[in-house]
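What follows is one structure encoded as structure tokens, with my remarks underneath.
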Number of protein chains: 2
Amino acid sequence: MRIIVFGADGYLGWPTALYLSARGHDVWAVDSLVRRKWDRLCGTQSLVPVASMERRVARWEAVSGKAIHWCKLDLCDLVALEQLVDEVQPEAVVHFAEQRSAPYSMISAAHAVETQVNNVAGTLNLLFAVRDHAPDCHIVKLGTMGEYGTPDIDIEEGFIEIEHNGRRDRLPYPKQAGSFYHLSKVHDSHNILFACRAWGLASTDLNQGVVYGVATEETAMHRELATRFDYDGIWGTVLNRFCVQAAIGRPVSVYGRGGQTRGFLDIRDTVRCVELAIANPAEAGEYRVFNQFTEQFSVAELAERVVRARAHHGLETVVEHIPNPRSEKEEHYYNARHQHLMDLGLVPHKLADTLVDDVVTVVNQHVGRVRVNTIDSVVDWRKGGMVAAARQADSRAGQLLALRARAAVPVGAGAR
Amino acid sequence: MRIIVFGADGYLGWPTALYLSARGHDVWAVDSLVRRKWDRLCGTQSLVPVASMERRVARWEAVSGKAIHWCKLDLCDLVALEQLVDEVQPEAVVHFAEQRSAPYSMISAAHAVETQVNNVAGTLNLLFAVRDHAPDCHIVKLGTMGEYGTPDIDIEEGFIEIEHNGRRDRLPYPKQAGSFYHLSKVHDSHNILFACRAWGLASTDLNQGVVYGVATEETAMHRELATRFDYDGIWGTVLNRFCVQAAIGRPVSVYGRGGQTRGFLDIRDTVRCVELAIANPAEAGEYRVFNQFTEQFSVAELAERVVRARAHHGLETVVEHIPNPRSEKEEHYYNARHQHLMDLGLVPHKLADTLVDDVVTVVNQHVGRVRVNTIDSVVDWRKGGMVAAARQADSRAGQLLALRARAAVPVGAGAR
């Protein structure tokens with residue numbers, strides 16, 4: 001199958017491109033490389049060294065005998081995107097190409113606007129490009145479980161049957177996202193649902209939980225095939241951050257009481273889920289949502305796992321509770337359905353202590369690269385991050401945005 | 001009360017500014033004037049001549065003895081916006097400043113992106129500016145009834161109590177908007193709800209129906225105080241378009257079967273509703289939604305009203321059904337609650353035949369200005385509008401967007 005993976009330079013995009021290539025698909029790996037720029041801007045860095053896309057693709061061909069087509073392209077560049085979709089005529093696209101850090105989106109107005117504009121405009125462009133150049137292409141989009149927030153009822157997969165005043169309808173599940181990043185995915189979901197209904201596009205929205213793990217079968221084949229591993233306060237997810245804190249002899253820092261419960265999954269399940277969605281596509285006009293996670297844990301439970309796994313090696317770990325920089329409930333009901341992918345044949349890798357072991361091992365290998373000053377949260381949900389610097393950014397970004405808004409649609413584009 | 005009206009050059013923004021000024025409030029009228037540019041680009045024009053903002057404000061002072069502070073400013077320009085909010089220290093802001101045409105948003109990818117970027121980024125900037133410079137300010141935002149779509153259950157005001165698997169919660173009402181414009185308002189609603197919860201802002205979202213009517217008490221005081229009247233296929237709303245079609249001897253064109261039912265209200269009720277919201281503000285941390293309309297009609301019923309009102313004057317009117325350019329249900333259940341504003345004291349102006357008379361009179365006064373070639377719909381929901389021209393626009397807008405995405409957050413803005 002001809003498949004384009006957008007966001008193929010990312011933590012999950014790259015392993016997904018490899019996984020699909022290994023299984024015989026003809027894969028185009030597309031990325032703007034903006035994530036590497038954001039790392040430079042934030043002073044952050046992947047714990048595991050990541051090779052350039054050119055090196056990775058060459059190494060993959062040397063190791064596997066399979067070619068991946070690498071293409072540097074920004075989804076916000078509609079001209080280039082249309083050309084690519086028209087030339088490749090993909091049967092499926094996988095869309096990871098979004099700014100995906102909640103703290104980044106909360107630094108300042110400029111960062112919130114950048115996140116939502118980048119994500120929403122990129123997805124809109126993709127919808128139009130597919131409509132106009134490959135209308136039968138199945139759009140597999142990465143959403144997030146964070147779109148739902150923490151309602152006091154069970155979370156369903158995208159839609160909910162509501163009975164109200166004696167009538168019934170199946171409606172989009174209400175969304176209560178908790179950051180401007182998570183909200184950008186809510187906006188995407190609404191836009192995609194509409195495009196499927198209005199234009200007959202076919203799309204699967206994978207509402208993914210928090211991913212952990214350092215490698216897949218393919219990325220482990222050579223150090224130049226490794227994917228990134230983020231542990232810092234901006235880009236790192238919770239389990240990875242805990243393991244790094246422990247490895248350098250710091251307390252594992254739980255935000256607030258730690259009762260925040262979320263869905264989690266192993267990186268090896270992410271790539272499998274994407275493949276399952278592609279192998280069992282949505283129908284024309286169908287917008288479907290799969291909740292993509294395998295287990296629920298509270299943050300405090302995760303910390304406990306790290307303590308236990310390290311104890312097996314005779315390592316001591318301290319857990320501390322720090323003031324929560326986020327606005328979120330720290331104790332709440334949480335019960336989210338995740339049946340669709342199981343029905344399609346997903347066999348989950350459960351979070352075993354051996355997995356935590358693996359992470360601890362990798363962290364110890366690269367412990368010299370840890371940038372200690374990037375681990376702590378520097379973004380407060382109520383006040384933003386690093387106020388002075390952020391304000392400067394706002395000023396300039398605001399001016400640029402105003403210029404752009406004026407220039408976006410040239411004379412003569414409207415109705416005659 | 002110190003009040004800023006954003007979007008004060010628009011059909012409703014201008015009458016609102018006058019209405020609030022007439023009632024003794026200290027009003028800042030703010031607009032980027034982009035609507036006048038869009039008119040030039042689309043070849044459209046208000047049927048009623050509209051004076052420049054400078055003239056309008058001077059005329060208002062001459063007529064009423066009251067000053068309105070006029071300020072040309074784009075909400076996408078965060079620096080200028082922050083300065084304004086900081087200087088004025090408004091007690092309330094009214095936010096009309098959005099691209100508000102569904103057909104415009106469906107012309108092409110560039111128009112969809114422009115609409116969502118303009119509306120979402122402008123609203124995000126306003127939320128941050130209020131948080132940082134006037135956190136007690138009440139944000140009155142104009143949403144739309146179109147956010148709800150046409151569910152098969154009753155539409156509530158913003159939230160719905162859901163019982164599911166034996167548990168209950170009050171959640172945001174599910175949204176199924178029918179154009180990229182309507183979707184931009186859905187995105188705004190989610191962003192504002194989050195900002196109220198995370199930052200303690202106070203906001204009222206007025207989910208407005210389709211507005212009709214040519215004048216308010218204040219705009220009728222002098223021809224230089226008149227507000228715009230749109231009747232064309234891009235900017236005109238349905239009743240106004242019908243009256244113009246009839247006035248120039250054309251058939252009144254109903255899209256499809258005409259069973260599409262919506263909420264409607266008189267322009268004189270719009271300004272009153274905004275005043276009621278301001279006089280009874282949301283509390284800190286509260287995001288509340290008022291459905292702002294007074295009556296429900298189907299499109300076919302509206303056409304029938306026009307036929308009847310004209311018949312009183314011995315005028316004949318032909319109704320025709322044309323292929324529907326939009327993707328929407330043409331027969332559906334529709335029952336939307338609109339109690340909150342009634343509880344606050346709204347006494348509606350019902351759509352009387354005399355109102356249709358008024359519109360017909362105004363149309364006949366200015367019939368020489370009707371641009372006949374702009375009346376018909378030129379935008380198809382499935383194919384966009386004027387494909388060749390739109391595609392050119394897409395190309396250039398895409399390039400600009402890509403440049404902007406790169407430039408939005410300068411070096412050093414992120415975490416250290």
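Every read-out reported here was derived from the displayed coordinates using simple, explicitly stated rules and does not represent laboratory data. Note that this is a predicted model, so its numbers are computed, not measured. No Cβ is skipped: glycine too gets one built from the backbone with ideal geometry, and neighbour counts run over all protein chains shown.
Counts of other chain beta carbons within 10 angstrom of each beta carbon in peptide A:192-203 average 3. For the stretch B:279-286, backbone phi angles converted through the Karplus equation (6.51, -1.76, 1.60; θ = phi - 60°) give residue-by-residue couplings of 6, 10, x, 5, 7, 4, x, 9 Hz, Gly and Pro being listed as x.
Considering every residue in B:129-136, what mean count of other chain Cβ atoms within 10 Å of its Cβ is obtained?
Counting other chains' Cβ atoms within 10 Å and averaging over B:129-136 gives 2.
If R0 is 41 Å, the Cβ-Cβ spacing of residue A:382 and residue B:257 corresponds to a FRET efficiency of close to 0.20. Only Cα pairs under 8 Å and 6+ residues apart enter the sum, and on that basis the relative contact order of the stretch B:2-384 stands at 20 percent. Counting Cβ atoms of other protein chains within 10 Å of each residue's Cβ and taking the mean over peptide B:71-80 gives 6. Annotation: the antiparallel percentage among DSSP beta bridges lying fully within the protein assembly as shown is about 25. Inter-label distance, residue B:353 to residue B:295: 1.2 nm, where each label sits 7 Å from its Cα along the C-beta direction.
Largest GNM mean-square fluctuation across A:74, A:358, A:152, computed for chain A with C-alpha springs under 10 Å, falls on A:152.
Give the shape of the protein assembly as shown as rounded, prolate or oblate, defined through the alpha-carbon gyration tensor: a ≥ b ≥ c are the square roots of its eigenvalues, a/c under 1.5 means rounded, and otherwise the shape is prolate if a/b is larger than b/c and oblate if not. Note, shape of the protein assembly as shown comes out prolate. Taking 0.36 nm per residue of separation and subtracting the Cα-Cα distance, full extension of the segment from residue B:159 to residue B:62 would add 30.4 nm.
For residue A:86, inter-copy separations between label points set 7 Å beyond Cα along the Cβ vector come to 4.8 nm, shortest first.
Could you order the peptides A:105-115, B:334-344, A:274-284 from most to least packed, using the average number of other C-beta atoms within 10 Å per residue?
A:105-115, A:274-284, B:334-344
Computing FRET efficiency as 1/(1 + (r/R0)^6) for residue B:373 and residue B:69, where r is the C-beta to C-beta distance and R0 is 45 Å, gives about 0.70.
Taking a ≥ b ≥ c as the square roots of the eigenvalues of the alpha-carbon gyration tensor, chain A is classed rounded because a/c is under 1.5. Per-residue packing, averaged as other Cβ atoms within 10 Å, sorts the ranges B:8-14, B:45-51 into the order B:8-14, B:45-51, beginning with the highest. Between copies, the label points of residue A:350, set 7 Å from Cα on the Cα→Cβ line, lie 6.6 nm apart, reported in increasing order to one decimal in nanometres. Distance between the 7 Å Cα→Cβ label points at residue A:331 and residue B:86: 4.2 nm. Take residue B:285, push a point 7 Å out from Cα through the beta-carbon direction, and compare it with the same point in every other copy: 4.6 nm, smallest first. Scalar couplings 3J(HN,Hα) for the stretch A:231-242, obtained by applying the Karplus form with A = 6.51, B = -1.76, C = 1.60 to θ = phi - 60°, are 9, 7, x, 9, 9, x, 8, 5, 5, 4, 4, 4 Hz; x denotes Gly and Pro.
Looking at the stretch B:2-384 alone, DSSP beta bridges between its own residues are antiparallel in about 20 percent of cases. In chain A, the calculated helix contribution to ellipticity at 222 nm averages -12500 deg cm²/dmol per residue, counting -39,500 (n - 2.57) for every DSSP H run with n ≥ 4. Springs join every pair of Cα atoms under 10 Å in this Gaussian network model of chain B, and among B:99, B:292, B:365 the largest mean-square fluctuation is at B:365. Once both labels are positioned 7 Å from their Cα atoms along Cα-to-Cβ, the gap between residue A:167 and residue B:223 label points is 4.7 nm. Taken over chain B, lysine pairs spaced eight or more positions apart, or on distinct chains, with alpha carbons under 16 Å apart number 4.
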